[in-house]
Amino acid sequence: MIELENVSYTYGGGELLSNVSLQLQPGSFHFLTGPSGAGKTTLLKLCYGALLPTSGRLNAFEQDVAGLDRDHMALLRRRIGVVHQDCRFLDHMTVSENVALPLMVSGQAETAKREDLSELLSWVGLGARLDAHPPELSGGERQRAALARAVILSPDVVLADEPTGNVDWEMSQRLLRLLVELNKMGKTVLIATHDLSLIRAAKSQVQARVLRISQRQVQLAGADL
Amino acid sequence: MSKGMIRNLLQRDARADRVVPPTGYTAHLTLFVSGAMAFLAVFALALSLASGRLADRWASELAGAATLRINAPADQLAAQTEAALAVLGQTPGVASARALTTEEQAALLSPWFGPDLPLDTLPIPQLIEIIEGDPGLDATGLRLRLGAEVPGAVLDDHTRWREPLVDAAMSLRRLGWVSILLIGVATAAMITLAANASLAANAQIIEVLRLVGARDSFIARAFVRRFTYRAFFGAVVGVLLGMTGVLLLPEASDEGGFLTGLGFQGAGWLLPALIPVLGAAVAFLATWTAASRKLKELS
């Protein structure tokens with residue numbers, strides 16, 4: 001589904017990732033861990049085409065991402081839902097409008113029903129916050145709204161960058177349950193996190209593969225997690 | 001750019017338009033620039049049309065007429081006038097020829113010398129008004145014949161001063177059109193600057209839209225529609241103010257000459273209605289070009 005083959009990424013003269021090889025199989029669940037600044041966000045950005053490899057091959061849905069033009073890159077991003085660490089909302093629009101943004105940009109806003117949108121927001125526990133604006137939401141609410149936006153087009157892959165970074169333990173468990181639920185629906189999930197307790201908590205819920213970024217390389221983490 | 005794409009770009013999509021925040025100084029700048037430029041365009045158009053009318057009028061009125069002046073001693077004046085009229089009567093291309101009466105000649109001179117001029121005591125030449133037929137007369141041939149038969153006759157076919165006047169009016173008309181062209185180019189430049197500023201100010205919004213799978217055409221549409229409608233409404237206001245200004249100008253009169261004829265006539269009053277449409281078209285192209293370039297830069 002998404003495959004990195006000997007991918008390196010260099011920025012400002014320094015190599016952030018070196019010869020990374022990784023495969024995200026359909027329906028799989030991955031954690032990507034490592035200390036802050038290790039390159040987790042960079043790897044996620046490579047996965048959804050926000051960055052292009054300096055060397056190596058990056059394939060997504062059997063397409064060479066480096067060879068895609070801007071229009072095809074947009075189509076690729078509709079198949080990958082991303083939950084950003086800082087959520088990236090348009091503050092002048094309401095929560096429901098923000099969540100429906102992928103529908104709007106893909107020309108499906110006309111056919112989408114408001115009840116479906118309400119149902120999705122209820123699924124993430126924001127049914128009563130449809131008309132609120134993003135600055136009015138708490139950290140946890142923002143993360144859940146970002147998750148709703150990431151999945152509204154029913155993407156094949158969901159990437160989440162530190163989704164529990166700004167929320168309490170209870171909320172992080174709630175977000176984890178939502179992501180596990182998505183995986184059970186057949187979605188491929190990759191969560192970048194430095195929160196090892198989240199990974200431990202997930203073990204009882206899902207068969208997850210844990211990857212660790214260390215010294216610019218991605219390795220399968222040991223059982224010590 | 002296909003017709004379908006242009007239709008899509010102009011179709012109102014309130015939800016899609018909301019992705020770009022509605023406020024910002026670029027909104028006011030676009031409205032003001034298109035309004036001011038449309039106001040100036042109305043006057044440039046009025047100038048151009050009035051100059052054109054003047055050039056046409058001078059060309060047609062003066063081209064169809066000529067004047068024969070008989071400079072002769074008083075005792076020969078009547079005889080030479082008769083001889084000249086006889087020659088003119090036989091000349092091809094002369095529709096009619098008649099000697100001006102004393103009263104008519106006095107009326108011509110009175111603006112310069114006053115109404116009490118004693119014409120009968122002055123050696124005033126006799127003027128003969130010639131109306132040309134179709135085709136016109138051969139001025140060179142007529143001069144040669146008059147030189148032989150009426151020695152005191154001087155033919156003035158108005159070419160000497162008609163051509164510079166018509167040239168001046170035509171130049172003024174060209175100047176009007178060049179002004180309209182420059183107004184269009186300046187509008188395009190200002191709207192391009194405003195669109196670039198707006199795109200740069202909304203770079204984060206563009207990034208978010210791209211992250212959720214927006215194509216460049218979707219993003220460009222949101223900006224193009226907004227700038228096109230702003231330019232259109234600004235130009236409508238500018239045209240209405242300009243037309244009011246033209247209406248308030250003094251009406252055309254012989255005493256006022258060219259300046260009082262600086263307005264629209266007949267179907268010409270409809271032409272300013274094209275200005276908002278052209279302004280919107282200029283804004284559309286300017287914003288589309290700016291958006292395409294900026295989105296490429298931001299990728």
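The values are calculated or read from the model by the stated rules, or taken from the named source; none is laboratory data. Note that this is a predicted model, so its numbers are computed, not measured. Please note: Cβ atoms are built from the backbone with ideal geometry, for glycine as well, and neighbour counts cover all protein chains shown.
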Exercise for the section: Please work out which residue is surrounded by the fewest Cβ atoms within 10 Å (Cβ to Cβ), limiting yourself to segment B:132-155 and to residues that are in a helix (DSSP H, G or I) and touching a helix residue (DSSP H, G or I) at 6+ places or on another chain (Cβ under 9 Å). Expected result: B:GLU149
Practice task
Kindly check whether there is at least one residue in segment A:182-199 that is surrounded by fewer than 14 Cβ atoms within 10 Å (Cβ to Cβ) and either aliphatic (A, V, I, L, M) or over 24 Å from A:ARG79 (Cα atoms) (or both).
Solution key: yes
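For B:ALA169, indicate whether it is touching a helix residue (DSSP H, G or I) at 6+ places or on another chain (Cβ under 6 Å) and in contact (Cβ under 8 Å) with a residue 60 or more places away in the chain. Quick ask: steps written out before the conclusion?
On the way: touching a helix residue (DSSP H, G or I) at 6+ places or on another chain (Cβ under 6 Å): yes; in contact (Cβ under 8 Å) with a residue 60 or more places away in the chain: yes.
When the stated conditions are applied, B:ALA169 passes them.
Looking for something part of a loop (DSSP other than H, G, I, E, B), within 14 Å of another protein chain (Cβ to nearest Cβ) and in contact with a helix residue (DSSP H, G or I) (Cβ under 8 Å, 6 or more places away or on another chain) - is there at least one such residue anywhere in segment B:203-213? Show your work before the answer.
Taking segment B:203-213 first, the residues part of a loop (DSSP other than H, G, I, E, B) are B:212-213.
Then keep just the ones that are within 14 Å of another protein chain (Cβ to nearest Cβ); that gives B:212-213.
Next, from what is left, pick out any that are in contact with a helix residue (DSSP H, G or I) (Cβ under 8 Å, 6 or more places away or on another chain): B:212-213.
Looking through segment B:203-213, at least one residue is part of a loop (DSSP other than H, G, I, E, B), within 14 Å of another protein chain (Cβ to nearest Cβ) and in contact with a helix residue (DSSP H, G or I) (Cβ under 8 Å, 6 or more places away or on another chain).
Looking only at segment A:77-98, filter to residues that are facing chain B (nearest Cβ under 8 Å) and in contact with a strand residue (DSSP E or B) (Cβ under 8 Å, 6 or more places away or on another chain); which one of those is nearest to A:LEU24 (Cα to Cα)? Walk me through it before giving the result.
Within segment A:77-98, the first condition is being facing chain B (nearest Cβ under 8 Å), and the residues that meet it are A:77-78, A:82, A:84, A:88-90, A:92-93, A:97.
When the remaining residues are screened for being in contact with a strand residue (DSSP E or B) (Cβ under 8 Å, 6 or more places away or on another chain), the result is A:82, A:84.
Values: A:VAL82: 15, A:HIS84: 19 Å.
Top of the filtered list is A:VAL82.
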Exercise for the section: Collect the residues in segment B:92-109 that are more than 34 Å from the chain's Cα centre (by Cα) and in a helix (DSSP H, G or I), keeping them in residue-number order. Expected result: B:THR102, B:GLU103, B:GLU104, B:GLN105, B:ALA106
Practice task
Search segment B:214-251 for residues being more than 8 Å from chain A (Cβ to nearest Cβ) and farther than 27 Å from B:LEU278 by Cβ, and hand back the single one that is modelled with the highest pLDDT.
Solution key: B:PRO250
Practice task
Report whether or not B:ALA72 is outside any loop (DSSP other than H, G, I, E, B) and hydrophobic (A, V, I, L, M, F, W, C).
Solution key: no
Fill in the blank from the handout: Restricted to segment A:112-157 and to residues being within 13 Å of another protein chain (Cβ to nearest Cβ) and modelled with pLDDT under 85, the residue surrounded by the fewest Cβ atoms within 10 Å (Cβ to Cβ) is A:ARG114
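Filter segment A:99-109 down to the residues that are in contact (Cβ under 8 Å) with a residue 40 or more places away in the chain, at the interface with chain B (Cβ under 9 Å from one of its Cβ atoms) and crowded, with 21+ Cβ neighbours inside 10 Å and list them by number. Can you show your working first?
From segment A:99-109, those in contact (Cβ under 8 Å) with a residue 40 or more places away in the chain are A:99-103, A:106, A:108; that's our starting set.
Applying the additional criterion that residues be at the interface with chain B (Cβ under 9 Å from one of its Cβ atoms) yields A:100-102, A:106.
A:ALA100, A:LEU101, A:PRO102, listed by residue number.
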Exercise for the section: Check off (1) without any contact (Cβ under 8 Å) to a residue 40 or more places away in the chain; (2) of a type in the set (A, V, I, L, M); (3) within 14 Å of chain B (Cβ to nearest Cβ) for A:MET171 and give me the number that stays unchecked. Expected result: (3)
